Amino acid sequence: MHDWQELYQEVILEHNRNPQNFGVISAPDRVARGYNANCGDDICLFLKLSGNEIEEIKFSGEGCAISRASASLLTLAVEKLPKSQAQQRAEEMLALLTGKKQDADSVPCLRSQLPLLGVRKFPMRIKCATLPWHALLEALAN
Ligand code: ZN
């Protein structure tokens, strides 16, 4: 058992109660919306870019605790990163969340985000957790 597995509940509750970077950016450079009909999660990401770097990222919308916590953790994982690196982190996180990649300890840069992987024990909720990361990839691609 890894530390991050024990932290799942705590981290979800904490980020749901006190989400980081919650709000909107006026005149954002990129916007993407993630919607999960199964749960009703509807999350919007706003990005402000400076050259190739994500200068600022915020999220807003309605969602369950898992989707909100995931979005909050996402903003912390990619703020101030070059777009290409942010994209790489999102791809790594999606691979871990969906179980395509098992070895979580191989991505130390996502250590703070790893408690989210506790959701793998609840297959019905994995979409709640992946939603913001998919939205980020979309925002970076368009
Ligand atoms: Zn949800």
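Data overview
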{"quantity": "GNM flexibility winner over the chain from L131, L13, L110 (Cα, springs under 10 Å)", "calculated": "L13"}
{"quantity": "Region 5-141: C-alpha pair distances exceeding 19 Å, %", "calculated": "43 percent"}
{"quantity": "Net length gained if the chain between L76 and D105 were fully extended (0.36 nm per residue, minus Cα distance)", "calculated": "8.6 nm"}
{"quantity": "Helical mean residue ellipticity (222 nm; -39500 (n - 2.57) per DSSP H run of 4+; nearest 500) of the chain", "calculated": "-13000 deg cm²/dmol"}
{"quantity": "Reachable lysines from K58, criterion Cα separation under 23 angstrom, eight or more residues apart if same chain", "calculated": "K48, K80, K83, K127"}
{"quantity": "Heavy-atom accessible surface of region 5-141: percent carbon and sulfur, 1.4 Å", "calculated": "48 percent"}
{"quantity": "Fraction of alpha-carbon pairs over 12 Å apart in region 83-141 - percent", "calculated": "64 percent"}
{"quantity": "Backbone N within region 10-47 under 19 Å of label point (7 Å from H134 Cα along the Cβ vector)", "calculated": "31-46"}
{"quantity": "Within a Gaussian network of the chain (alpha carbon springs, distance under 10 Å), most fluctuating of A86, A69, A104", "calculated": "A104"}
{"quantity": "Cβ-based net charge around R125, under 13 Å, with every Lys or Arg adding one and every Asp or Glu removing one", "calculated": "+3"}
{"quantity": "D29 accessible area, assembled protein chains, probe 1.4 Å, Å²", "calculated": "80 Å²"}
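The values are calculated or read from the model by the stated rules, or taken from the named source; none is laboratory data. Here the structure is a predicted model, which means the values were calculated and not measured. Cβ: placed from backbone, ideal geometry, glycine included. Neighbour counts: every protein chain shown. Please note that ligands, DNA and RNA were not included when accessible areas were found on the heavy atoms of the full protein model with its side chains. Shrake-Rupley method; radii C 1.70, N 1.55, O 1.52, S 1.80 Å.
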